[in-house]
Amino acid sequence: MFESGTDDPVEATADLVDRYGSELASVPLQFRSYGGRPRFSGVVVTLKCFEDNALLKQTLADEESPRGKVLVVDGGGSYRSALVGDIIAGIAVRQGWTGLIIHGVVRDSVALSGLDIGIKALGTNPAKSAKTGAGQVNVPIDIAGVRFVPGSTVYCDEDGIVVRG
C-alpha cells in the first residue's frame, strides 16, 4: 500500500492520486527540486519558523532516528532569506534524513544538487537568515491550504507534493 522512507524509488505522485484520490492532499504550489533525489517520501516532522534557521539546524541535528523522515518547514513562503544551504543540508544528509520541504527558499543550489537527499523549496536567495532560534517543532502546519501533521506521510516527485494523514 503506502510505503515510505525506503531506499526504493517512490511511486509517482500522479499514480498515487489516481489510486487513493481523496485520501491524499496535493500541495497547489510550484515547489522546485534542489537535492540529488527528485523523488522521496517519508514520515513528516514539522517545523514553523520565519526567516530564522537556527531551530531548523538544531532539529536536523537532534532528531532521533531521522531515517525515513521528511522535515516539512513552514517558512511563511518568504523569499527574503534562505532557510537551508549546503551546510544545513549536509547535516541532514549525515543524520540520515530522507528529505526537506521548505516553504521558503534555499541557497547554494549547485551544492545542494549533489547531495543524496530530496529537497523541495519555492526558490533561491543567497541571503542568510537570522539565527535567534525562534520557531516551533512538531506542530500542525498549513502550506497553501494543505495540512501537515507530525507523523503523517508525504510523497514528493517531479510533479509535486502529496500528503496522507
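The values are calculated or read from the model by the stated rules, or taken from the named source; none is laboratory data. All of these numbers come straight from a predicted model, not from anything done at the bench. As a convention, Cβ positions derive from the backbone with ideal geometry for all residues, glycine included, and neighbour counts pool all protein chains shown.
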**Study point:** All positions within the range 48-80 that are in contact (Cβ under 8 Å) with a residue 40 or more places away in the chain, assigned to a strand (DSSP E or B) and touching an Asp or Glu at 6+ places or on another chain (Cβ under 9 Å)
**Key:** Lys48, Lys69, Asp74
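From the list Phe2, Phe40, pick out the single residue that is over 21 Å from Val139 (Cβ atoms) and either modelled with pLDDT of 95 or more or touching a Gly at 6+ places or on another chain (Cβ under 6 Å) (or both).
Details: Phe2 fails: either modelled with pLDDT of 95 or more or touching a Gly at 6+ places or on another chain (Cβ under 6 Å) (or both).
Exactly one of Phe2, Phe40 is over 21 Å from Val139 (Cβ atoms) and either modelled with pLDDT of 95 or more or touching a Gly at 6+ places or on another chain (Cβ under 6 Å) (or both), namely Phe40.
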Practice item. Of the conditions (1) in contact with a strand residue (DSSP E or B) (Cβ under 8 Å, 6 or more places away or on another chain); (2) buried (at least 19 other Cβ atoms within 10 Å of the Cβ); (3) not hydroxyl-bearing (Ser, Thr, Tyr), Arg164 clears all except one; give me its number. Key: (2)
Check your understanding: Counting just the residues of the range 72-88 that are of a type in the set (A, V, I, L, M, F, W, C) and either surrounded by fewer than 24 Cβ atoms within 10 Å (Cβ to Cβ) or more than 11 Å from the chain's Cα centre (by Cα) (or both), which one comes out nearest to Val162 (Cα to Cα)?
Key -> Leu83
Exercise for review: Could you please let me know if Tyr79 is of a type in the set (Ser, Thr, Tyr), within 18 Å of Gly42 (Cα to Cα) and in contact with a strand residue (DSSP E or B) (Cβ under 8 Å, 6 or more places away or on another chain)?
Suggested key: no
Exercise for review: Output the number of the condition that Ala25 fails; it satisfies all remaining conditions of (1) crowded, with 23+ Cβ neighbours inside 10 Å; (2) assigned to a strand (DSSP E or B).
Suggested key: (1)
**Study point:** Checking Val105 against (1) without any contact (Cβ under 8 Å) to a residue 40 or more places away in the chain; (2) surrounded by fewer than 24 Cβ atoms within 10 Å (Cβ to Cβ), the condition it does not meet
**Key:** (2)
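How many residues does the range 84-98 hold that are on the phi < 0 side of the Ramachandran plot and not in a helix (DSSP H, G or I)? Steps first, answer last, please.
Step one: filter the range 84-98 for residues on the phi < 0 side of the Ramachandran plot, giving 84-95, 97-98.
Cutting the leftovers down to not in a helix (DSSP H, G or I) gives us 84-85, 97-98.
Counting residues in the range 84-98 that are on the phi < 0 side of the Ramachandran plot and not in a helix (DSSP H, G or I) gives 4.
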